[in-house]
Each structure stands twice: as C-alpha cells, then as structure tokens.
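What follows is a single structure, written as structure tokens, with notes after it.
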Amino acid sequence: MDHLLYIAMSGAKENMHSVSLRANNLANANTTGFRADLEQARAMQAFGEGLPSRVFAMTESPGQNFAAGPIQTTGRELDVAVAGDGWLAVEAADGTEAYTRFGNLQVSVEGLLQTSTGLNVLDDGGNPIVLPLPLEKMEINKDGTIFARLEGEAPNGGAELQRIKTVLPANDEIEKGNDGLFRRKDGEAEPASAQVQLIAGALEGSNVNPIAEMTHMIDLQRRFETQLKMMSHAEENDKAHAQLLRIG
C-alpha cells in the first residue's frame with residue numbers, strides 16, 4: 001500500500017516542479033536573449049533500514065536550450081545581438097563576472113555602459129566600460145569595439161574606445177544562476193574571444209517555443225491528475241484493509 005502512495009507522491013512532486021519550470025519559460029517568451037530551461041527526472045532507489053524496496057523521482061538539471069533566438073532589427077544604436085554562439089560579459093549584482101545574450105544597452109549618467117537592467121558591461125580587461133560624456137554619436141562594431149564622437153566634434157571626428165568583452169565558452173562549461181545570468185562552473189572568468197560577432201541595431205529574442213511549452217504543461221497536468229488518483233486509490237485501499245482487520 002505504502003509503495004503505491006510513495007511512488008505517486010514522489011511523481012506528483014516532480015510534476016509540480018516541471019509545471020513551475022515550464023510556466024517560467026512561458027513567462028519569458030518575450031524576454032530578450034532568454035534561454036529556455038530544460039527539466040528532467042529519473043527513478044532513484046531509496047536506501048535505508050530494511051530492504052531497498054522504495055523508488056522515488058529525483059529532479060535533475062540537464063541545463064538550458066542553447067539554440068539561438070530570432071534576431072529582431074530595432075535600428076537603435078545601443079542595441080546589439082550576438083550572431084551565432086557567444087556571450088556578452090557583464091558585472092553581476094554580486095560583483096562577479098557573468099554572461100548574457102541580453103543586448104539592450106544604455107549609457108548611465110556617469111558614462112557607464114550598462115544593460116537596461118543596470119548591469120555594467122565589461123571590456124576585454126574585465127573592467128566596467130566608462131564612456132566620455134556628452135556623446136553625440138556612438139556605434140558598436142561587429143567585433144565589439146565602441147566608436148564614439150563627443151558633442152561639438154567635427155562630423156568626421158570621433159575615436160575608437162574600449163571593446164566589449166565577448167566570450168565563447170563551451171555550453172557544458174557554464175551554468176545558469178538564480179539571477180538568470182550564466183557563469184563558468186569552476187567560478188573562473190572566461191577569456192575574451194575575438195571570434196564572437198555582434199549585430200548592431202538588433203536584439204535577439206527568446207528561444208522559448210510557446211506552443212511546445214503549452215503542450216508540455218498540458219501533458220504534465222494530466223500526469224499530475226493521474227498521480228493524485230493513485231494517491232486516492234491508495235487511501236481507499238488502506239481504509240478497506242483496516243475494515244477487513246476490524247471484521248477479522
């Protein structure tokens with residue numbers, strides 16, 4: 001009896017986790033540069049006192065879907081999309097170096113180049129990029145080099161400044177944090193890569209497939225209902241068993 005209840009309970013818990021993950025993917029279907037999370041579970045033997053007769057579902061984190069999202073042209077000079085593989089290096093809220101595909105950039109009042117969420121963009125040396133102010137024109141080249149012209153300079157003036165740090169780590173070497181940013185699993189900083197190419201005046205959309213996510217959620221909800229029915233049957237069997245003992 002408890003075998004059935006334990007398996008059903010474990011399965012229902014895993015289904016709830018999966019529904020939550022898929023719902024988060026759906027909520028980020030329009031988030032710039034978002035990478036869809038994947039979910040997976042496997043059966044694990046429970047060991048302890050007595051015979052190993054219990055099996056439970058253990059949540060695994062297989063990672064994210066690293067497929068590229070659609071490129072959306074915006075025409076805004078501070079918008080950049082990564083062409084193909086690669087990441088932009090930013091300074092996370094905790095001060096660590098992290099990586100993102102979120103290329104919606106802005107210049108703060110202090111001249112810091114930041115994402116629209118307020119994270120400092122880093123240069124090849126791993127330092128925040130500080131731009132001279134006031135700027136009249138700014139361009140980001142495909143290699144990440146920033147070209148800027150100050151107000152009052154001649155139309156043919158201007159100069160190349162720092163280069164945005166772009167990295168090209170292997171997908172199995174990075175992991176996603178709770179803040180949505182990616183970092184190396186070993187905690188080290190990834191060296192800059194000149195192989196990464198940027199597309200100016202464009203943003204990369206989310207790679208979430210809303211139809212596929214909805215289909216998965218419907219399937220998971222049906223599984224959850226099945227697990228609840230199994231738990232209900234286990235309770236009914238337990239009551240019938242107790243009634244037989246009283247009769248005996």
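The values are calculated or read from the model by the stated rules, or taken from the named source; none is laboratory data. Everything quoted here is computed from the prediction, not taken from an experiment. We place every Cβ from the backbone using ideal geometry, glycine too, and count neighbours over all the protein chains shown. For the accessible areas, the whole protein counts, side chains as well, though only heavy atoms, and no ligand, DNA or RNA atoms are used. Shrake-Rupley method; radii C 1.70, N 1.55, O 1.52, S 1.80 Å.
Cβ-Cβ contacts under 7 Å between residues 6 or more apart (or on different chains), taken from a first residue in the range 184-198 that is without any contact (Cβ under 8 Å) to a residue 24 or more places away in the chain to a second residue that is open to solvent by 60 Å² or more (accessible area, probe 1.4 Å), are listed as 184/173; 185/173; 185/175. Any residue that is more than 20 Å from the chain's Cα centre (by Cα) and either modelled with pLDDT of 95 or more or not in a helix (DSSP H, G or I) (or both) - is there at least one of those in the range 167-186? No, the conditions are met nowhere in the range 167-186. The set of residues from the range 198-248 being in a loop (DSSP other than H, G, I, E, B) and open to solvent by less than 50 Å² (accessible area, probe 1.4 Å) comprises 201, 205, 206, 207, 208.
On the stretch given as the range 181-203, residues that are within 18 Å of residue 125 (Cβ to Cβ) and in contact with a helix residue (DSSP H, G or I) (Cβ under 9 Å, 6 or more places away or on another chain) total 2. Entry remark, the range 128-146: residues being open to solvent by 40 Å² or more (accessible area, probe 1.4 Å) and within 27 Å of the chain's Cα centre (by Cα) number 4 in total. Selection of the range 117-129 for residues being touching a strand residue (DSSP E or B) at 6+ places or on another chain (Cβ under 6 Å) and either over 20 Å from residue 142 (Cα atoms) or part of a strand (DSSP E or B) (or both) yields 119, 120, 121, 122, 123, 128.
Counting the residues of the range 147-166 that are in a strand (DSSP E or B) and either open to solvent by 30 Å² or more (accessible area, probe 1.4 Å) or over 20 Å from residue 191 (Cβ atoms) (or both) gives 9. For residue 147, the conditions (1) of a type in the set (A, V, I, L, M, F, W, C); (2) more than 30 Å from residue 62 (Cβ to Cβ); (3) in contact (Cβ under 8 Å) with a residue 60 or more places away in the chain are fulfilled apart from (3).
Candidates in the range 68-107 are the residues that are of a type in the set (D, E, K, R) and part of a strand (DSSP E or B); of these, the one that is least open to solvent (accessible area, probe 1.4 Å) is 79. Within the range 108-127, the set of residues being surrounded by fewer than 19 Cβ atoms within 10 Å (Cβ to Cβ) and among the aliphatic types (A, V, I, L, M) comprises 109, 112.
Taking the range 184-196 as the range and being charged (D, E, K, R) and open to solvent by 50 Å² or more (accessible area, probe 1.4 Å) as the test, the residues that pass are 185, 186, 188.
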